[in-house]
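The values are calculated or read from the model by the stated rules, or taken from the named source; none is laboratory data. Here the structure is a predicted model, which means the values were calculated and not measured. Ideal geometry is used to build each Cβ from the backbone, glycine not excepted, and the neighbour counts take in all protein chains shown. Accessible surface is based on the protein model in full, side chains and every heavy atom, while ligands, DNA and RNA are left aside. Shrake-Rupley method; radii C 1.70, N 1.55, O 1.52, S 1.80 Å.
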Amino acid sequence: MRGRTDSVVVIGAGLSGLSAALHLRGAGHEVTVLEQHSHPGGLAGRLDVAGHSLDTGPTVLTMPELLDDAFAAVGGRLADHLDLVPLHPAYRAEFADGSALDVHTDADAMSHAIAEFAGSREAEGYRELRAWLTRLYRVERDRFIGASFDSPLDLLGRDLVALARLGGFGSLSRAVGRFLHDDRLRRVFTFQALYAGVSPTDALAAYAVIAYMDTIAGVWFPRGGMRAVPQALADAAAAAGVRFHYDTEVASLERTGPRVTAVRTTTARFPCDAVVLATGSAQSTRLLRGEPRRPRALRWSPSAMVVHLTARRLVGGRAHHTISFGAAWEATFDEIIREGRFMSDPSLLLTTPTLTDPGLAPAGRHVQYVLAPCPNLDAAAIRWDAVGRRYAAEVVDELVARELLDSDVEILSVTTPDDWARAGQAAGTPFSAAHTFTQTGPFRPRNLPFRDGNVVLAGGGTTPGVGIPPVLISGRLAAERLRGR
């Protein structure tokens with residue numbers, strides 16, 4: 001970015017905004033963070049109900065070294081701010097045929113589990129898949145995940161050739177199928193594509209790095225709940241001199257020519273040299289008074305309904321994260337992505353954080369969350385205000401029938417696409433723009449939307465994409481843009 005960037009206003013105290021604030025402050029900028037809620041977190045929100053501490057956003061934490069990088073920017077250490085517990089297993093996968101598999105990040109433990117589950121040939125295939133995933137991640141880490149793009153030409157180089165040789169531009173489903181023949185195992189290493197907004201068949205094999213992050217690098221949980229992560233980042237930033245203004249809604253950006261000179265809220269004016277927009281895509285579009293032009297309109301990822309539960313008793317395989325796969329697979333993606341319908345045979349994520357941190361619920365109680373993928377608001381005109389609670393009850397009943405939830409569970413809260421839309425997320429999806437080929441890498445909305453401007457984007461809607469690791473990286477990339485050339 002050209003021009004002066006001494007004083008920066010960050011709009012949004014979500015994970016990307018907090019990452020940007022820490023990296024900017026560490027580089028010597030004066031930083032002010034404006035947040036419309038009374039606490040940090042953004043989509044990594046919090047809700048307290050009858051003594052239960054609920055996380056309303058992401059529940060899977062991977063790549064904690066990125067948090068360490070953010071703390072280190074202001075001279076801190078991750079260990080001084082968060083108590084992270086590694087999860088073993090990372091997941092438990094339950095299948096419609098009654099079989100189950102604990103997904104371990106340790107190579108030997110996982111090979112042994114797969115050999116018992118599907119035979120020695122599949123275990124050998126897993127070893128080969130693991131090696132391929134590791135090579136894929138190493139090729140993508142710095143050049144494709146950890147870099148900003150100004151042009152598709154930025155991709156050119158040895159890393160692009162290496163990625164092509166690894167099959168990164170082919171189909172994710174076919175790539176994993178080269179190593180694993182058991183359909184259940186293929187699901188374990190490809191279901192993550194849904195959170196990138198595409199089916200495993202349509203997803204680029206390059207997105208297998210998501211499977212690397214949780215099945216090899218590992219899954220973690222912070223004591224105090226996921227809310228502890230944004231709170232720790234905000235505390236470290238405040239201690240380093242970043243100024244926070246909560247309960248502050250941004251109304252507009254004040255401009256002189258192409259540059260923003262101040263951020264106006266409903267009650268105040270904040271002069272600045274540059275702005276980091278770490279908001280939802282819909283809110284960013286409003287503040288920018290329209291998106292930068294694209295040859296084709298963005299396609300949005302499917303959304304998700306999240307049901308928060310309280311239970312006296314746990315049933316089924318006890319794991320922090322349990323993935324319950326229905327018998328249907330490809331049809332499931334067609335239903336929620338192409339047809340705009342609820343899953344007829346759903347695959348669901350069940351999280352039980354009190355297995356790791358009992359203090360998140362009253363004595364004798366457990367907190368459980370169910371994440372059910374569903375159509376976004378553009379794909380289907382569903383009256384969530386009318387059907388949300390009813391569909392939540394149907395999803396709970398399905399997991400009770402699968403013997404993964406106790407029949408005595410109670411619903412504490414339901415989050416629907418309408419809630420994501422109210423939080424500023426376009427099409428009511430927390431997963432932002434789908435990671436199709438034309439919305440990946442240099443084809444994704446750039447974090448520097450206007451070349452002569454002084455606004456930078458951070459979050460899941462820009463480079464590198466959706467998920468906790470990418471949005472933390474996006475904050476760092478936004479900070480690097482503001483350091484100038």
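So what is the relative contact order for region 41-152, in percent, with contacts set as C-alpha pairs under 8 Å and at least six apart?
With pairs under 8 Å counted, the relative contact order is 10 percent.
When all protein chains stay in place, what accessible area (Å², nearest 10, 1.4 Å probe) is found for ARG294?
80 Å²
Could you order HIS88, HIS321, HIS181 by accessible surface area, starting with the largest, using a probe radius of 1.4 Å?
Result of the area sort, largest leading: HIS88, HIS181, HIS321.
Run the accessible area of region 251-369 with a 1.4 Å probe and give the carbon-and-sulfur part as a rounded percent.
Summing carbon and sulfur atoms, their accessible area is 50 percent of the total for region 251-369.
Using alpha-carbon pairs under 8 Å, 6+ residues apart, how would you state the relative contact order of region 1-107 in percent?
19 percent
Tally up the carbon and sulfur contribution to the accessible surface of region 407-485 as a whole percent, 1.4 Å probe, everything protein left in place.
Carbon and sulfur: 51 percent of the exposed surface of region 407-485.
Averaged per residue, what accessible surface does the chain expose to a 1.4 Å probe, in Å²?
Roughly 40 Å² per residue, with all protein chains present.
Provide the percentage of antiparallel DSSP beta bridges, counting only those with both residues in the chain; round to the nearest 5.
Approximately 70 percent, going by the DSSP bridge assignments.
Could you tell me the center-to-center distance, by alpha carbons, between region 37-110 and region 430-485 in angstrom?
Comparing the Cα centres of region 37-110 and region 430-485, I get a distance of 23 Å.
Accessible area of region 190-234 with a 1.4 Å probe: how many percent of it is carbon plus sulfur?
62 percent
How far is helix 107-118 tilted off the main Cα axis of the chain, in degrees rounded to 10, range 0 to 90?
40 degrees
Only helical DSSP H runs with n ≥ 4 go in: add -39500 (n - 2.57) per run for the chain, normalise by residue count and round the 222 nm mean residue ellipticity to 500 deg cm²/dmol.
Calculated from helices alone, the mean residue ellipticity at 222 nm is -8500 deg cm²/dmol.
About the Cα centre of the chain, how large is the charge dipole given +1 on each Lys and Arg Cβ and -1 on each Asp and Glu Cβ? Please answer in debye to the nearest 20.
Roughly 1780 debye for the chain.
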